[in-house]
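To start, the structure under review is shown below, and the notes come after it.
Every number here is computed from the coordinates shown, using simple stated rules; none is lab data. Since the structure is predicted, the reported quantities are computational estimates derived from the model, not experimental observations.
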Amino acid sequence: MQDKGSYALILRCDHGRTIAIGKLGQMQLQPGCYIYCGSAFGPGGIAARLRHHYRIAEKPRWHLDYLRAHCQPVGHWTTHDPDNREHDWAAILSSLPGFSAPMRGFGSSDCDCLTHLLFSEAQPDFTAFQAALLERFPKHYPVEQH
């Protein structure tokens, strides 16, 4: 089975504090859930990328590595759609009630998106996300919740 595609990693933060996100700058953490939208079309695909994200990086490489040191993964969503959906997913999540963009440019330094990281005080609702996704992209590949 092809393991390339797009994913959303859901992280829980139990405290508020200011952290450094590499060269991007300072970010104010809040208690709640962060959801990061990414893609993995290189070697190892989604499985390799999520293995990386589920561990705390000794030498942070991506914006998410800096955040990951302060938040716990609580789940992820994936699709094996051959089209890169990280941009679409970030846009859809940002349009849902209760979501905000905690830091401009997070995970989106290589595209025109405002951010690929969204914040919600509550656990993200997979059913609401799927409904919004299918409304905008009726032929979207299936999304799995893990």
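Structural descriptor for the chain: relative contact order 29 percent, calculated from alpha carbon pairs under 8 angstrom and at least 6 residues apart.
By the rule of a C-alpha distance below 17 Å, with chain neighbours fewer than 8 residues away ignored, the lysines paired with LYS59 are LYS23. For the residues ALA47, ALA131, ALA69, a GNM of the chain with alpha-carbon springs under 10 Å puts the largest fluctuation on ALA131.
Shape descriptor for the stretch 46-146: Rg over Rh equals 0.94 (Cα atoms; Rh from the Kirkwood inverse mean 1/r).
Of all the options PRO124, PRO97, PRO73, the one that moves most in a Gaussian network model of the chain with Cα springs shorter than 10 angstrom is PRO97.
Extension gain ALA131-LEU96, at 0.36 nm per residue separation less the Cα-Cα distance, in nm?
Numbers: separation 35, 0.36 × 35 = 12.60 nm, distance 1.08 nm.
Answer, rounded to one decimal: 11.5 nm.
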